[in-house]
Number of protein chains: 2
Amino acid sequence: MKKIVVDAFGGDHAPLEIIEGALLAIQKHKDIEIILCGKEDKIKEILNGRNERIEIVDASQVITNDDHPTVAIRHKKDSSLVKAYDILKEREDVIGIVSAGSTGAVLAGAIMKIGRIRGISRPALAPILPTKKDSDVIIIDSGANIDCKPINLLHFALMGSAYYSIIYDVPKPRVALLNNGAEEEKGNELAKEAHALLKTAPINFIGNREGGDFMSGDVDVMVADGFAGNALLKGTEGAVKAVMSVLKKSIKSHFWSMIGAVFMKKTFKDIKNRVDIQSRHGGSPLLGCKKLIVKNHGACMRNNILSSIEQTVLLYEKKLNQKIEDAINELNKAGE
Amino acid sequence: MKKIVVDAFGGDHAPLEIIEGALLAIQKHKDIEIILCGKEDKIKEILNGRNERIEIVDASQVITNDDHPTVAIRHKKDSSLVKAYDILKEREDVIGIVSAGSTGAVLAGAIMKIGRIRGISRPALAPILPTKKDSDVIIIDSGANIDCKPINLLHFALMGSAYYSIIYDVPKPRVALLNNGAEEEKGNELAKEAHALLKTAPINFIGNREGGDFMSGDVDVMVADGFAGNALLKGTEGAVKAVMSVLKKSIKSHFWSMIGAVFMKKTFKDIKNRVDIQSRHGGSPLLGCKKLIVKNHGACMRNNILSSIEQTVLLYEKKLNQKIEDAINELNKAGE
């Protein structure tokens, strides 16, 4: 039995969508138990008797995006997120946490309550995006670490490679460094120093790549500091949305395009499926912590929560954290 | 009569497309003269007698992307780019240069041969992108300055605002700072310090914006260091290409989608027009130099060269450099 704790009151559509997502996971997988943290009466009302393999832990407070992350973790001791982290920390049989709450608070709680894997300088967020080929790509870090040192980027690369190899069953993912050109001498000070470290790391490092290569399908793991990584991730998501928006607007303004759009249903479905990575893979894991932490988009719905729970189980079964520890040990041995 | 010097041997499709682009400008605008720099015999062969208002300056060498930029500017004295810069520098009546050559060499030549506007710490590249609304957006800097200080970003904001207000005839463009969140306290060290400077600058500063707001239509001028700016620009362009590629592939694989696509011709044309900003606006100007410098994509065709020449004339007539000087003076006065 795998036990996962879920922050039932984090997210724009909490608690309804979070709880329904947990129920989907329970129905689909007979070897999963869920601990829901949040206001007990409200949770019970939504469950409406569907409480098989569900445990409720009452928490009267909610952490919002307006709360200062570390202050909230320290003082909102009876919040759904802090209670969930306490359970994750104290109960050995709980394998991971899923939350769609404030990113800052989820990060702060991870550091303050759970802690880093020995040797990892900074945990990092690694969301998945589609590419124009059949493969997907992850970016690490996408915004958890805004000011970075070269050693952080080296650790991001090790963690990203271990993570990608598990979720796609690829033994040697292609790891690239986000840069302003492919040539080795390119980059700001951080990128130049990180490049030198990545070259000797126990990963399949394919060199520098530009933002334009992100969705090309030629990169599996794009390594970046959280500031540039966030710009790339959000810019990419925004561009995809912008194209779809221009497409829709144009279809509505031309009669024949509206007719054409009816014939093109399958194509629009293809694109939706290709772009909607979230429901396929759940949220972003926060890699590098002692226990599994999966952060969902604030706007996520029940299917995303289901996927995140499934992802947590997969990462547990495939021993992600053990693989990260092994990579760090290999790195340290090589450096001795 | 406006004289513009064109590097006829810079770019993937040089010299043919560059020369044909110059000829388009000559035909369309009776008050333009072009000086073509490059191998004289080859230029004459392409011109084939069409030499009205065209001057040729012979240059036997070509600077390529494999050349080290500053070394090339220093030593390839008989290259089409260096000769063009020499003409721009020496002849007072030449208002600007257009080149599709190596970006590094164009930048190096700008600094070494032409120099900065007094008070501007760093020239910057400011390409234009479409948004999902009807307005366009520029990003400054998009890659000319990889390691930046806060004062550089302040100057980018002043220059970008002056440039945008000219090309779109908008008195107070909305200037935003690229950041990992909209809140004032967000950002890496550079962004935080830049934010404080931008708040007091004589521009319409609307605060921090994420990469996802870039194509939203709610920002006119996105200010960033060249590293993050390059990631955002290239990532955005790559994402648009990826969506179009997935769309095409899907259409080809579904019979009814192929039928639908025929009806949707107008919509595809709309999107192409919206995305193909380059032909509408020419290349990226390098803002902040004593004379007008417009850098085209290496892959540009004749229509892009025409647009870049037209853009150079517009920026000259609307006194871009005077406006940048005025903004710097206003800033310095406020600081006294």
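B:Gly160: within 25 Å of B:Ser102 (Cα to Cα), assigned to a loop (DSSP other than H, G, I, E, B) and not hydroxyl-bearing (Ser, Thr, Tyr), yes or no? Taking the combined requirement at face value, the residue does not satisfy it.
For region A:6-25, the set of residues classified as farther than 20 Å from A:Asp58 by Cα and crowded, with 18+ Cβ neighbours inside 10 Å consists of A:Ala25 only.
None of B:Met258, B:Met222 is within 11 Å of another protein chain (Cβ to nearest Cβ) and crowded, with 23+ Cβ neighbours inside 10 Å except B:Met222. For region A:53-76, taking the residues that are among the charged types (D, E, K, R) and modelled with pLDDT under 95, the one that is surrounded by the most Cβ atoms within 10 Å (Cβ to Cβ) is identified as A:Asp67. In region B:242-255, the residue that is surrounded by the most Cβ atoms within 10 Å (Cβ to Cβ) out of those that are within 7 Å of chain A (Cβ to nearest Cβ) and within 27 Å of the chain's Cα centre (by Cα) is B:Ala242.
Count of region B:121-136 residues, restricted to those that are facing chain A (nearest Cβ under 10 Å) and in contact with a Ser or Thr (Cβ under 8 Å, 6 or more places away or on another chain), is 4. Comparison of A:Pro202, A:Pro171 shows that the only residue that is without any contact (Cβ under 8 Å) to a residue 12 or more places away in the chain, more than 9 Å from chain B (Cβ to nearest Cβ) and either within 20 Å of the chain's Cα centre (by Cα) or within 27 Å of A:Lys318 (Cβ to Cβ) (or both) is A:Pro171.
Suppose the filter is among the basic types (Lys, Arg), free of Cβ contacts under 8 Å to residues at least 40 places away in the same chain and either under 19 Å from A:Gly96 (Cβ atoms) or surrounded by 15 or more Cβ atoms within 10 Å (Cβ to Cβ) (or both); does A:Lys318 pass it? When the stated conditions are applied, A:Lys318 does not pass them. Taking the criterion of being in a loop (DSSP other than H, G, I, E, B) and touching a residue at least 24 places away in the same chain (Cβ under 8 Å), the residues of region A:10-34 that qualify are A:Gly10, A:Gly11, A:Asp12, A:His13, A:Ala14, A:Pro15, A:His29, A:Asp31. Within region A:100-116, the set of residues being part of a loop (DSSP other than H, G, I, E, B) and buried (at least 21 other Cβ atoms within 10 Å of the Cβ) comprises A:Ala100, A:Gly101, A:Ser102. Going through region A:180-200 one residue at a time, which ones are surrounded by fewer than 20 Cβ atoms within 10 Å (Cβ to Cβ) and in a helix (DSSP H, G or I)? A:Glu189, A:Lys192, A:Glu193, A:Ala196, A:Leu197, A:Lys199, listed by residue number. Here B:Ser165, B:Ser142, B:Ser102 are screened, and the one residue that is in contact with an Asp or Glu (Cβ under 7 Å, 6 or more places away or on another chain) and under 18 Å from B:Pro285 (Cβ atoms) is B:Ser102. Can B:Ile117 be described as touching a Lys or Arg at 6+ places or on another chain (Cβ under 9 Å) and over 20 Å from B:Lys149 (Cβ atoms)? So B:Ile117 does not fit the description; no. The sole residue among B:Ile139, B:Ile146 that is within 26 Å of B:Thr103 (Cα to Cα), part of a loop (DSSP other than H, G, I, E, B) and within 11 Å of chain A (Cβ to nearest Cβ) is B:Ile146. Scanning region A:35-45 for residues that are buried (at least 18 other Cβ atoms within 10 Å of the Cβ) and part of a helix (DSSP H, G or I) returns a single hit, A:Ile43. Looking only at region B:266-303, filter to residues that are crowded, with 24+ Cβ neighbours inside 10 Å and more than 28 Å from B:Leu153 (Cα to Cα); which one of those is modelled with the lowest pLDDT? Residue satisfying both the conditions and the ranking: B:Thr267.
Those residues that are surrounded by fewer than 22 Cβ atoms within 10 Å (Cβ to Cβ) and assigned to a helix (DSSP H, G or I), I need them from region B:77-99; list them, please. Across region B:77-99, the qualifying residues are B:Asp86, B:Ile87, B:Lys89, B:Glu90.
The values are calculated or read from the model by the stated rules, or taken from the named source; none is laboratory data. Note that this is a predicted model, so its numbers are computed, not measured. Glycine also receives a Cβ, built like all others from the backbone with ideal geometry; neighbour counts cover every protein chain displayed.
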